Amino acid sequence: MNAPQRPYVQRYAHLGTGPLGTEPMTSPAYFERERELIFRRAWLNVCRADDIPEPGDYLVKNVQTLRASIILVRGDDGKVRAFHNACRHRGNQVADGCGKRAAGFACGFHGWAYDRQGALQYVPDEEQFFDLPKAELGLKPVHCDTWAGFVFVNFAQRPAWTLDAYLGELGTGLGDYPFHTLVPIARYQARVKANWKVFIDAFQESYHAAFVHRLSAAGVGGTNDDPYTHLSSVRLLGPHRAASVPMNPAYVPPPTEALSFKYASSLWLQADAREQRFPPGANPERHANWLFDINVLFPHFFIDVASGWYFTYHFWPVAVDETFWEYAFYMAEPQSAGERISREYSRIALRDVLREDHATVERTQAALMSGAVDRIWLSDQEIAVRHQYAVVEAWLSTPTLGPTPPGA
Ligand code: FES
Ligand SMILES: [Fe+2]
């Protein structure tokens, strides 16, 4: 069935239809404002709770955007907490990497020791100090909360909203997706020379697929009726957004993928998407030829869900023209050798697709930085791109936050 003609211009008329200026993608001053007014005020996903399942399990996360390092640790009470990775003695980082069942954290500089709840436990040669308020010298906490097994932090002194209020409709619609039944089968990371928004834009429209992915994903999307794989729906949800990507029902897999699918569902070939076992926020229109949904949790976190797999991206801005990117791909634990091979096929197939996107966004950024182009033109299919710039602008122009996160 043909997608309706230009369906979003009426529904989201307030976003306009004109070209966008490129200053937000190229200006170092604009980038510094984003750092403080967006990344220091938003809830930011950092990991999954089951990355640290047992008390004392921890991982250190370097949040380069805010020049911060934090420790995520599960306490004796089972709660996941976040702390600044900075010793209260003279500021040294107290942990590195990740670990299992740590009793706590001992600073490598002079041995101050903290327990799993961040409290200062032991100070070597304590008698030599003066009026040390030990009870107040625990690791400094960072606001931390969990939604659907995803751990988020907030670097504001006092977050303007709870995590649930921040995620709003996107959170309630997607929260029941069976994330906990799937395990990571691949993780990649990369430093990419592109502005974080330019980078994100390449993952929130399907217009480019027929060109950038013409070989790696040949025939997966696009039909005679819909050659450019129009999104089957786009939902703008406050600062967040979601879109559904359809699949070509006549897709004929290459022989290796066909073999892979013989034993298990794979990246492009899945169980029947019309099954109603998904939460309302996934494929909300129950599109028969559903491939996957793009979910953008503002500002920098994606959860793309399908039948039998999901993957996440983190786009951590480092500089106006550089982004640290992380990716994790989740499927069910394989139960047989055939399923194991199928997982491997999917892992590599998606890697190849992503490398094409990376090469493209670096070339885009290089051209934008030259100043040759000072406006970009967006089609109705690129409404999510338009929404992103409007939301970013709303956050930058809202010094005092209200009861709901600035959206557009
Ligand atoms: S800086 Fe940590 S013990 Fe001295
Ligand atoms: Fe792509």
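The values are calculated or read from the model by the stated rules, or taken from the named source; none is laboratory data. Everything numeric in this text was worked out from a predicted model, so none of it was measured. Every residue, glycine as well, gets a Cβ built from its backbone with ideal geometry; the counts of neighbours run over all protein chains shown.
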- Would it be correct to say that Thr400 is part of a loop (DSSP other than H, G, I, E, B) and either within 19 Å of Thr26 (Cβ to Cβ) or away from ligand 2 (no atom under 13 Å from the Cβ) (or both)? yes
- Query: So which residues in region 368-397 are assigned to a loop (DSSP other than H, G, I, E, B), closer than 20 Å to Tyr12 by Cα and not small (Gly, Ala, Ser), if there are any at all?
  - Reply: Trp377, Leu378
- So which strands (runs of 3 or more DSSP E) are wholly in region 16-125 and hold at least 3 residues that are closer than 27 Å to Gly149 by Cβ? 44-48, 58-63, 68-74, 80-84
- Message: Suppose we filter Leu139, Leu215 for residues that are within 16 Å of ligand 1 (Cβ to nearest atom) and either among the hydrophobic types (A, V, I, L, M, F, W, C) or at pLDDT below 95 (or both); which single one remains?
- Response: Leu139
- Could you tell me whether any residue of region 326-342 is surrounded by fewer than 20 Cβ atoms within 10 Å (Cβ to Cβ), farther than 23 Å from Val151 by Cα, hydroxyl-bearing (Ser, Thr, Tyr) and in contact (Cβ under 8 Å) with a residue 24 or more places away in the chain? yes
- Would you check which residues across region 92-117 are under 17 Å from Ala68 (Cα atoms) and either touching a residue at least 24 places away in the same chain (Cβ under 8 Å) or loosely packed, with under 12 Cβ neighbours inside 10 Å (or both) and list them? Gln93, Val94, Ala95, Asp96, Gly97, Cys98
- Message: Please pick out the residue among Asp164, Asp201 that is surrounded by fewer than 16 Cβ atoms within 10 Å (Cβ to Cβ), closer than 30 Å to Ser69 by Cβ and of a type outside the set (Lys, Arg).
- Response: Asp164
- Restricting the search to region 88-112, which residues are charged (D, E, K, R) and within 16 Å of ligand 1 (Cβ to nearest atom)? Arg88, Arg90, Asp96
- Message: Here is a list: Gln335, Gln365. Which entry is outside any loop (DSSP other than H, G, I, E, B) and either within 16 Å of ligand 2 (Cβ to nearest atom) or under 21 Å from Val183 (Cα atoms) (or both)?
- Response: Gln365
- For region 185-210, enumerate the residues that are modelled with pLDDT of 95 or more, within 17 Å of Val305 (Cα to Cα) and touching a Phe, Trp or Tyr at 6+ places or on another chain (Cβ under 6 Å). Ile200
- Task: Sort out for me the strands (runs of 3 or more DSSP E) sitting completely within region 158-247 that have 1 or more residues that are within 30 Å of Pro334 (Cα to Cα).
- Result: 183-192, 240-246
- Query: Just for region 345-389: of the residues that are without any contact (Cβ under 8 Å) to a residue 60 or more places away in the chain and not small (Gly, Ala, Ser), which one is nearest to His314 (Cα to Cα)?
  - Reply: Arg355
- Query: Picking from Val9, Val80, Val46, Val60, which residue would you name as being at pLDDT below 95 and of a type in the set (A, V, I, L, M, F, W, C)?
  - Reply: Val9
- Query: Tell me, which residue of region 68-83 that is of a type outside the set (Val, Ile, Thr) and free of Cβ contacts under 8 Å to residues at least 60 places away in the same chain is farthest from Gly104 (Cα to Cα)?
  - Reply: Ser69
- Item | Members of region 221-234 that are surrounded by 20 or more Cβ atoms within 10 Å (Cβ to Cβ), away from ligand 2 (no atom under 11 Å from the Cβ) and in contact (Cβ under 8 Å) with a residue 40 or more places away in the chain | His230, Leu231, Ser232, Val234
- Determine whether region 303-311 contains at least one residue that is crowded, with 18+ Cβ neighbours inside 10 Å and farther than 19 Å from Tyr177 by Cα. no
- Note on the structure: Of the residues in region 245-256, those that are crowded, with 22+ Cβ neighbours inside 10 Å and not aliphatic (A, V, I, L, M) come to Pro246
- Query: Which pairs do you get when a residue that is farther than 20 Å from Ala113 by Cα, found in region 44-67, comes within reach of a residue that is among the hydroxyl-bearing types (Ser, Thr, Tyr), reach meaning Cβ atoms under 7 angstrom, with the pair 6+ apart or on two chains?
  - Reply: Ala49/Thr146; Ile52/Tyr58; Asn62/Ser69
